[in-house]
Each structure stands twice: as C-alpha cells, then as structure tokens.
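Q: Got a structure for you, questions after.
The values are calculated or read from the model by the stated rules, or taken from the named source; none is laboratory data. These numbers come from a predicted model, not from an experiment. Cβ coordinates were reconstructed from backbone atoms using ideal geometry, including for glycine residues, and neighbour counts include every protein chain displayed. Just the protein is used for accessible areas: all its heavy atoms, side chains included, with ligands, DNA and RNA removed. Shrake-Rupley method; radii C 1.70, N 1.55, O 1.52, S 1.80 Å.
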Amino acid sequence: MTAPAKTSASILAGLILSVGTASAAVIPAVESLKAPEKTITLNYFGGAIPAERANKIIAEFEKRYPTIKISYHAVPFNSYNETLGARFAQGNVDIFDIDQPQSASYAVRGWEADLTDAFAAKRDLIDPPALKESTINGKLLNLPYQIGTTFLYYNKKVLKQIGVAFPSDKAGEAPTWEWVEATARKAVQAKASPYGITFSTPDMYYYLQPLAESLGAGTGVKGENQLTPDINNAGWVKALGWYGKLYADGLAPRGVRETALAFANGDSAFFYGGIWNSPTITKNADLDFGIATAPKFNGGQDATTSGGWALGISALSSSEKQQAAALFLNWYLFGENGGFVAADPQTENVPTTEATRAVFWKNPIYADPRLAGLQDILTWQAQHSARIRPQTTGGAEFTQLVGAAIADIINGADAQKTLDAANAKLKVAWRKYQ
C-alpha cells in the first residue's frame, strides 16, 4: 500500500455535497437472497488485485451465479480515491474495494451501503480486529477480506557471524526494538551486512503505527469523532525520533525503495515486512533466514499492523443491484471451497475467515521451512496485538500528511518539529469536517 495521490483529499472533500447521503434501503439477509432471473451487470472498481487475477475470481463466481455478470475495473492505488470519487459522481459504481482506513471517510460521503442486516449471521466468522475496522458507529459498512500484518525477518548468517543468538520463533515471544537496534548496529560495525535493518515502505504510517502504539501513544488521532490530530504527542515523537536515528546512524538505508529485495539479496540483517514480501524473499534459495513475532519496545505493549482491503456495496445502486452485489460478497468470503482464495492462489495477504485461510495456507510458498511458525505468528498477532488505524473521515489527509512527515524525518528532520507541523496542518485540513 502506498499513500494516496496528493489531489485525492481535495477532490474527495468536494464530493461530499455532490454525492448525497446513503440509501435508506436495507439489504436483506444474504441467506434469503436469490440470483436474479434476468441477467444483471455490476461494475466493480478494484485497487487491490490486478485485472487478470480478479477476472479469474469473477469467472468462478459467475459459474455459480450465471445471471450476475461483473465488470471489473482495475485502478492504480495512487489514484484510487480520486478515480473512485469521479465514478461515484457519475453513478456507475456497484461494488468497490476499500482500503480500510478510508471506511469512515467513504461513509461520510454516503458511498457505502449498510451491510449490518445482510451479514448479521456471518459477522462472527470474520477476525475481530478486521471486523472492528469495517464497523463505523455500530454499522457494518464493508466486508474485510484480507488483513496485512508485519513481522520480523532476520538473516541467520549475519547473526551467526556477529555472535548473536536468534530470536524466538514462537508466536507472541517478541524481541525488543532495542535488541534489534543493538544487533543491527553490531552487524553494520562488523561489516557483516551493508544495512542493519530495512522496512517495507519506509515512509508509510501503516508500518510505523505499531512503534508508537507499543509506547502507548495511540493512533495519532483522538476525540469522539476522530478528528483531533494527536500525531505530536510524546510517544509519537519518541517513536519516530528513534526511527529517524536508525537512518541518521546508517543502520537503515535512505533512498532504497526495494527493501524486501535488499534483504533477499543478503544486504540487511533484519527486515520488518509482511507475508506479501515472502515470495520475493523465498525466491533466493540460498538465503538463510528466520522469522519472529513483530518487535515491541522494552516494557512496551505488543502492537502490530492490522487492516487491509475490504469490499463495499454502493449505497447509490438500485436495490436489485445491491442484492446481487451482496451475493458476490457472500461468495467471496464465505463461499464453498474457500471463496476468492480458491480462485486466486496468488493471494498475498492473510484472509480474514477460517474457511479462506484453510485454502490460503496450502500455498507451497508458506511450506518453506525458513518460514516455520509463520501461521502461528500471524494468527497470534491478528488475535492479540493487531491495532486498527484511525477511523476518521479525514483519512486521506492524514495518510498524506503523516507520510510526508515520516519521509522528512527519515531524511534528517527533527521529529518534534516535523510532527508539530504535521499536527498543525491536519487541524487546518480537518476544519471542513467539523
């Protein structure tokens, strides 16, 4: 995931009045729904899956429901919010992907149909943290279908060379960030590795939220309506000050974007990334690596990334189209034989239901002995340490401004001053939502 395009926030804000409020129509329980007698076509705008893979999933669904045709429109993530806003203004969206932090932002624009009644009997089948992030003001507004969570990869050869014991590979036994830093420093100083640690997408809030959360600093947003920025509190300043020092001291590399590849090539002692990086890393059969639970600060809380992609149904579609779309969502997550995962073995993130996960873990990539314990680690993190991102209507601005602040800190800017400035900018940007 990457930060939305810079123009997205202003375009989305301008669409609040033009789109209108959500439809009052209630989608009945999916168990009571039947396929339409006449063929109906739904427009699905997606930002998570390439068209080739999405169309394979859709083909399997259409075998089960031949009178429901789905036209998939792939949209690059960097322009996703902007494109989706334009499509809603044109009124031709029926199903759409939602990057979960944008759920509240989409809700205030009246885009998301209420799925509470339609999936009342299925809610408990979804992982609680993912379900929570899709629930706004008590209403289920989308169905999360994959969750992204980060953990620690480490280079066994490097740690052996500098005489450091491997961290535990047991779920929930997290190493500390202080230990990671000290080990990374030792590796660089001993010239055992060019880099001490690399981070997947280094300047993205999503990956660094757990640093502050481990220190008890919260999400960086507070208030009843989640519209009071708090990205410059003491915990956030400490966490990102520590993070910036990794780059200042040469333990983490500036300007390296292919960070997973750097680890895969043996150029880093540690890599903080996700399961979606595993295909890149395991491709190097000669790399001797292991994995561990995501680190936490000494004396701090376990905190890991959460959230991912969800599916929504347009509140502006007709009742007939909404019901057909509900059948698609139901099959996607709860369908026989593993739903969308069975049709898309290249799925990169962990699915959110037991049925889809049962198929997901059969992927040969995850049988690699170097990933031993991965299933237990990710299951533990999803159930015990996952922290959802802010459920704020100002999600687009938050992602953009905080990402820019992190990039500045990586490049040497003072954490306190930079976060103070970002906090001030957010206050101004969010006035329109007050």
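Q: Go over the candidates Val19, Val26, Val30 one by one and state the one that is within 25 Å of Ala107 (Cβ to Cβ), open to solvent by less than 40 Å² (accessible area, probe 1.4 Å), modelled with pLDDT under 95 and of a type in the set (Val, Ile, Thr).
A: Val19
Q: Tell me, yes or no, whether segment 224-231 has at least one residue that is within 30 Å of Leu159 (Cα to Cα), in a loop (DSSP other than H, G, I, E, B) and open to solvent by less than 30 Å² (accessible area, probe 1.4 Å).
A: no
Q: Which number in (1) modelled with pLDDT under 90; (2) open to solvent by 10 Å² or more (accessible area, probe 1.4 Å); (3) within 19 Å of Gly338 (Cα to Cα) marks the one condition that Pro101 misses?
A: (3)
Q: Shifting gears a bit: Of all residues being of a type in the set (A, V, I, L, M, F, W, C) and in contact with an Asp or Glu (Cβ under 7 Å, 6 or more places away or on another chain) in segment 378-429, which is nearest to Val350 (Cα to Cα)? Just the residue, please.
A: Taking the candidates together, the pick is Ala382.
Q: Here are some residues: Tyr153, Tyr106. Which one is within 20 Å of Thr352 (Cβ to Cβ) and surrounded by 23 or more Cβ atoms within 10 Å (Cβ to Cβ)?
A: Result: Tyr106 is the single residue among Tyr153, Tyr106 that is within 20 Å of Thr352 (Cβ to Cβ) and surrounded by 23 or more Cβ atoms within 10 Å (Cβ to Cβ).
Q: For segment 278-387, which fully contained helices (runs of 4 or more DSSP H) count at least 1 residues that are under 19 Å from Lys56 (Cα atoms), free of Cβ contacts under 8 Å to residues at least 60 places away in the same chain and among the basic types (Lys, Arg)? Steps first, answer last, please.
A: On the way: elements: 278-282, 319-334, 339-343, 354-360, 374-384.
So the answer is 354-360.
Q: Out of Ala405, Ala343, which single residue is open to solvent by 10 Å² or more (accessible area, probe 1.4 Å), among the small types (Gly, Ala, Ser) and out of contact with any His (no Cβ under 7 Å at 6 or more places or on another chain)?
A: Just a single option satisfies the conditions, and that option is Ala343.
Q: When segment 46-57 is examined, which residues are found to be farther than 15 Å from Tyr332 by Cα and open to solvent by less than 30 Å² (accessible area, probe 1.4 Å)?
A: Of everything in segment 46-57, just one residue is farther than 15 Å from Tyr332 by Cα and open to solvent by less than 30 Å² (accessible area, probe 1.4 Å), namely Gly47.
Q: Any residue at all in segment 237-250 that is farther than 19 Å from Thr418 by Cα and either of a type outside the set (Asp, Glu) or within 22 Å of the chain's Cα centre (by Cα) (or both)?
A: yes
Q: If you don't mind, there's one more thing I want to ask. Quick test for you: out of Val188, Val108, pick the one residue that is within 15 Å of Ser268 (Cβ to Cβ) and not polar (S, T, N, Q). Spell out how you get there, then give the answer.
A: Numbers: Val108 fails: within 15 Å of Ser268 (Cβ to Cβ).
Only one candidate passes the filter, namely Val188.
Q: Also, I was wondering about something else. Residues being charged (D, E, K, R) and part of a loop (DSSP other than H, G, I, E, B): count how many of those fall in segment 137-196.
A: 4
Q: Restricting attention to segment 245-272, and to residues there that are at pLDDT 95 or above and among the basic types (Lys, Arg), which single residue is farthest from Pro210 (Cα to Cα)?
A: Arg254
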